[in-house]
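The values are calculated or read from the model by the stated rules, or taken from the named source; none is laboratory data. If you're wondering where the values come from, they're calculated on a predicted model, not measured in any experiment. Cβ atoms come from the backbone with ideal geometry, glycine included; neighbour counts cover every protein chain shown. Surface accessibility is based on the protein's heavy atoms, side chains included, excluding ligands, DNA and RNA. Shrake-Rupley method; radii C 1.70, N 1.55, O 1.52, S 1.80 Å.
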Amino acid sequence: MKVQIESVSSTEQRLSIEVEPQVVEQELTLAYKALSREVKIPGFRPGKIPRRILEQHYKNEVEADVVRRVQLKAFVDAVKQEKVPAISDPHLSGGKLVKDQPFAFTARVEVKPNVTVKEWKGLTLKKLAAEVTDAQVDEQVKRLQDSRTTVEPVAGRDVVQAGDLVVIDFDATKDGKPFPGNTGRGVTVEVAKGELIEGNLPQLEGGKLGATLEFDYAFPADYRVDEVKGQTAHFVATLKELKAKRVPTLDDEFAKLMGLDSVAALKARVRGDLERAAKNRATVDERDDLFKKLIEKNAIEIPQALVERGIDLMLDAAFGNMARSGVDPRMLNLDWNKLREDLRPRSEVEVRGQLLLEAVTREEKLSVSEAEMDAKLEALSKETGAPIAQVKKQYATEDAKEALRNRVLEDKAIELVKSHAKFEA
């Protein structure tokens, strides 16, 4: 097989490939033998049909199939032989079967560009704080209390107070006429500031069980019901039941419900969780900033195959999170084309940033030692709370090890760029 390579651009190559006549003839022979066993022609037993008879009936179909198979196999062999950094399926053209003549065709394919980074020292980067305040800790603890809140019937009181939950029946009209969704029975609302469409009805404060209250409500301009969006409707509500939320007291007993011995221990755990989350956010944001600053200083061309692959990875991650939360993305009626286009700029930044960091890695001859790999596994164990043996098992395969090694290598390249950067005050 002969292969000639021409660079169309920094991200695309054209391979001119010639396959020896005997290779093509062998493929044709195998194809006709297989066909002989599959088809039925009067006067011939399966597997015994001469090739010349088969050619009379199936020549075009067989040759088209052989052309496709020879092209794909030759392309794969050429990529391996010439070490072409192909990252997409090829666009194949040409190729005509002529007896005793080489089979020649061309393959255009996107390739990973050989990027050179010109400016990576002296970048001006943002230094993001990962601090956690006492107020943030208290807010999160309050959320934990709210998550354990119970609802109980109110005893000894029939007048509605702020913060109560009230079960109501209601009817509403717009200009004296009903509209879709204008009636509700046994609906629970909270007597709190906010919007009726979010289940809040502060108008009920001071009302009495069994009483009927009337009030007007102006629907938002973007409300889903056309008949009342941006307009005011009149409501008549009857108060049926009165309930109250019981938020657990923040004490050591509550801490024990959360698996800890004391309020101090609970707050310490919450602070640790918030600090880890804040640090992770800062790390991601600093990485994004570094990528953007590298890209500003180093304009490079990128292959669309990598951009599309990046979009796929982002969608896979998003849909995986949805599935773990019990949401089926197929039920969301998403515009897939728009979603991909919305993600494209982000993917382009990611691809450019990674290629430039890889260039820094090559230029500075960075590498990862086994000790650094072990340290990363230990860090993952501590970060996730999983036993080190379990983490090592997770990264036991060669593909997983290579992915982890690339993560460590990227971290080293980022730290190197940061060490030569200026940080905004």
In order through the stretch 156-169: 3J(HN,Hα) via Karplus (6.51 cos²θ - 1.76 cosθ + 1.60), integer Hz, x for Gly, Pro: x, 8, 10, 9, 6, 10, 4, x, 5, 9, 10, 8, 10, 10
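Could you tell me the relative contact order of the stretch 1-126? Use alpha-carbon pairs under 8 Å, at least six residues apart, and round to a whole percent.
On the way: 158 pairs, mean separation 40.9, N = 126.
It comes to 32 percent, rounded to a whole number.
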Gaussian network model of the chain, springs between alpha carbon atoms under 10 Å - residue of T106, T238, T116 with greatest fluctuation: T238
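Taking only the Cα atoms of the stretch 185-330, how large is their convex hull per residue, in Å³? Don't skip to the end; give the middle numbers.
Numbers: hull volume 37.5 nm³, N = 146.
With only Cα atoms used, the stretch 185-330 gives 257 Å³ per residue.
How much accessible area per residue does the stretch 268-425 have, in Å², with a 1.4 Å probe?
Values: 10050 Å² over 158 residues.
It amounts to 64 Å² per residue over the stretch 268-425.
Among rounded, prolate and oblate, which fits the stretch 228-303 when a ≥ b ≥ c are the square roots of the eigenvalues of its C-alpha gyration tensor, a/c under 1.5 means rounded, and a/b larger than b/c means prolate? Could the numbers behind the result be given before it?
Numbers: a/c = 5.88, a/b = 1.36, b/c = 4.32.
Judged from the Cα gyration tensor, the stretch 228-303 comes out oblate (a/c at least 1.5, b/c at or above a/b).
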Between the stretch 166-183 and the stretch 277-329, the alpha-carbon center distance in angstrom: 46
Whole-Å semi-axes of the ellipsoid equivalent to the stretch 103-232 (Cα gyration tensor, √5λ, descending): 54, 29, 16
Distance between the stretch 138-163 and the stretch 1-50 - C-alpha centres, whole angstrom: 75
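At a 1.4 Å probe radius, which order do H234, H57 fall into by accessible area, largest first? Could you put the intermediate results ahead of the total?
Values: H234 65, H57 105 Å².
Correct descending sequence by accessible area is H57, H234.
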Cleavage-rule hits (trypsin sites (Lys or Arg not before Pro)) in the stretch 336-366: DSSP loop, at most 12 neighbouring Cβ within 10 angstrom: K365
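State the percent of C-alpha pairs, over all pairs in the stretch 291-383, separated by a distance greater than 18 angstrom.
Values: 2733 of 4278 pairs.
Roughly 64 percent, once rounded to a whole number.
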Cβ crowding within 10 Å averaged over residues, with 130-141, 145-156 ranked highest first: 130-141, 145-156
With all protein chains modelled, accessible area of K243 [1.4 Å, Å²]: 60
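Can you give the relative contact order of the chain as a percent, counting alpha carbon pairs under 8 Å and 6+ residues apart? Don't skip to the end; give the middle numbers.
Working: 568 pairs, mean separation 68.6, N = 425.
That works out to 16 percent.
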With every protein chain in place, the stretch 81-153: carbon and sulfur % of accessible area (1.4 Å): 47
Accessible surface of the stretch 264-404, 1.4 Å probe, proportion on carbon and sulfur as whole %: 53
Three semi-axes of the equivalent ellipsoid, the stretch 330-425, Cα gyration tensor, whole Å, largest first: 28, 24, 14
Cross-link table K292/K338; K121/K297; K48/K99; K73/K401; K83/K393, entries beyond 22 Å C-alpha to C-alpha: K292/K338; K48/K99; K73/K401; K83/K393
Note, ³J(HN,Hα) from phi for the stretch 17-27, Karplus 6.51, -1.76, 1.60, rounded to Hz, x at Gly and Pro: 10, 10, 10, 4, x, 5, 5, 5, 4, 4, 5
Restricting the stretch 324-424 to GluC sites (Glu not before Pro) in coil, as DSSP defines it, with at most 11 other Cβ within 10 Å: E424
